[in-house]
Amino acid sequence: MIEDMLRTPAAVQDSERHTAHNYHPLPVVITSAEGAWVTDVDGNRYLDCLAGYSALNFGHRHPTLIAAAHAQLDRLTLTSRAFIHDQFADFCRELAALCGKDLVLPMNTGAEAVETGIKVARKWGYQVKGVPAGQANIVVAEGNFHGRTTTIVSFSTDSDARADFGPYTPGFRVVPYGDLAALSEAIDEHTVAVLLEPIQGEQGVVVPPEGYLPGVRRLCTEREVLFIADEIQSGLGRTGATFACEQEGVVPDMYLLGKALGGGIVPVSAVAADTDVLGVLKPGQHGSTFGGNPLACAVATEVVRLLATGEFQRRSAALGERLHAGLRGLIGQGLVAVRGRGLWAGLDIDPALMSGREACERLMERGVLAKDTHGSTIRLAPPLVITEEEIDHAVAQLTAVLAG
């Protein structure tokens with residue numbers, strides 16, 4: 001039988017044999033990729049509509065980014081921050097300019113960027129705002145996803161991420177997302193920051209109510225509190241602008257960046273802020289052996305240069321309109337809601353029809369890869385290099401899945 005010749009079942013089984021089961025991946029084993037497409041061990045091609053949770057905004061193996069990585073691999077890959085390397089200054093200067101900030105602090109993962117932001121905000125609160133030692137608090141939103149370290153899960157409202165990982169880190173206040181009145185009430189004289197995702201990704205691409213982000217900015221300014229925008233998923237072109245905050249006319253005090261910053265090649269994250277904020281850190285108070293390494297900086301500098309042209313932001317905005325128009329046409333035909341902005345969408349499937357997992361499995365069978373979250377919701381975040389025809393193809397496959 002042909003099924004007996006397939007490599008995928010054995011490869012899936014082998015991959016699960018010696019790993020902790022902290023993920024529940026779709027049963028596809030990818031061996032190569034280019035642009036918006038991936039190929040599995042059996043030669044099947046799939047349209048990647050997840051893009052590594054936005055880590056692959058520029059597609060798989062973007063030639064400019066691959067060339068930068070190859071060139072740097074032949075020269076220098078790591079020094080640690082004990083020394084300076086020749087890729088560091090360009091990366092920090094050009095990313096700071098892209099963000100409109102004075103300074104950049106490079107790290108590796110998104111969670112590290114969030115942890116860095118938390119530490120900087122607390123230190124700023126003690127040294128600049130004058131909060132009594134040990135009394136700083138940070139306000140966050142329900143439904144947040146900022147990572148999975150013990151500190152970050154301490155203020156998560158997702159039971160899967162949080163349960164059984166206590167004791168939990170104090171110093172956080174959780175308020176409903178989109179509720180300015182609740183946020184205002186939660187801020188007191190010891191509040192040092194408000195930490196938010198401009199659009200909540202893991203929650204199902206939830207866009208806040210109109211006026212919410214400007215209201216957050218206003219409150220933070222009035223109450224002498226830092227506004228920290230976690231743009232790790234929403235930033236760097238995903239929503240049709242460099243940053244999702246831009247689309248609301250808002251400039252935060254601190255950007256947390258990651259995922260797409262590494263071009264889908266190496267993990268790169270960063271915190272960007274002005275000198276009066278990031279300048280509170282002194283040597284020895286925070287760092288990372290691999291943060292800002294030469295290979296990461298070489299790739300990430302090219303990412304920043306791609307974004308500086310504005311091409312990918314324009315593509316995301318224009319193609320996002322096409323994607324959302326197609327998806328909205330499926331409301332009442334298996335979808336009950338569509339949310340998002342740019343090339344980023346959260347789709348609520350009628351739970352009587354199927355679960356989000358089932359929808360993703362059926363899409364996979366039809367050559368499209370997506371990811372479910374929270375029961376009957378699936379997320380689409382294709383690479384920004386996707387074409388109009390490929391978007392139409394993805395919507396057509398989803399239409400077929402919903403039709404049964």
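Less than 12 Å Cβ to Cβ from V280, Lys/Arg counted +1 and Asp/Glu -1: what total charge do the surrounding residues give?
Charge balance near V280 sits at +3.
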Pop the C-beta distance of S355 and T64 into the FRET formula with R0 = 35 Å and round what comes out to the nearest 0.05.
-> 0.35
Work through the residues other than A182 whose Cβ is under 10 Å from its Cβ and net out their charges, Lys, Arg +1 and Asp, Glu -1.
-> -2
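Which percent, to the nearest 5, of DSSP beta bridges fully inside the chain are antiparallel? Don't skip to the answer; put the middle values down first.
Values: 30 of 47 bridges.
Among the beta bridges of the chain, antiparallel pairing accounts for roughly 65 percent.
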In the chain, how many lysine pairs have Cα atoms under 24 Å apart, counting only pairs 8 or more places apart or on different chains?
-> 11
Averaged over all directions, how much area does the convex hull of the C-alpha atoms of the stretch 92-208 cover when projected, in nm²?
-> 8.3 nm²
Using the Cα centre as the reference, give the magnitude of the dipole from point charges on the C-beta atoms of the stretch 76-308 (Lys, Arg: +1; Asp, Glu: -1; all else neutral), rounded to the nearest 20 debye.
-> 560 debye
Gyration tensor over alpha-carbon atoms, the stretch 76-308, equivalent ellipsoid semi-axes in Å = 27, 20, 18
Report the label-to-label distance for Q13 and R223 in nanometres (one decimal), using points 7 Å from each Cα along the Cα→Cβ vector.
-> 5.7 nm
Summarise the long-distance tail of P(r) for the stretch 54-133 by giving the % of C-alpha pairs beyond 15 Å.
-> 74 percent
Cut-off 10 Å between beta-carbons: net charge of the residues surrounding R305, Lys and Arg +1, Asp and Glu -1 = -3
Please work out how much length the chain gains when fully extended from V336 to D188, using 0.36 nm per residue of separation minus the C-alpha to C-alpha distance, in nm with one decimal.
-> 49.4 nm
What do you get for Rg/Rh of the chain when both radii come from the Cα atoms and Rh is the Kirkwood radius?
-> 0.97
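Just so you know, all these numbers are worked out from the coordinates, no wet-lab data involved. Note that this is a predicted model, so its numbers are computed, not measured. Heads up, the Cβs are rebuilt from the backbone with ideal geometry, glycines too, and the neighbour counts pull from every protein chain shown.
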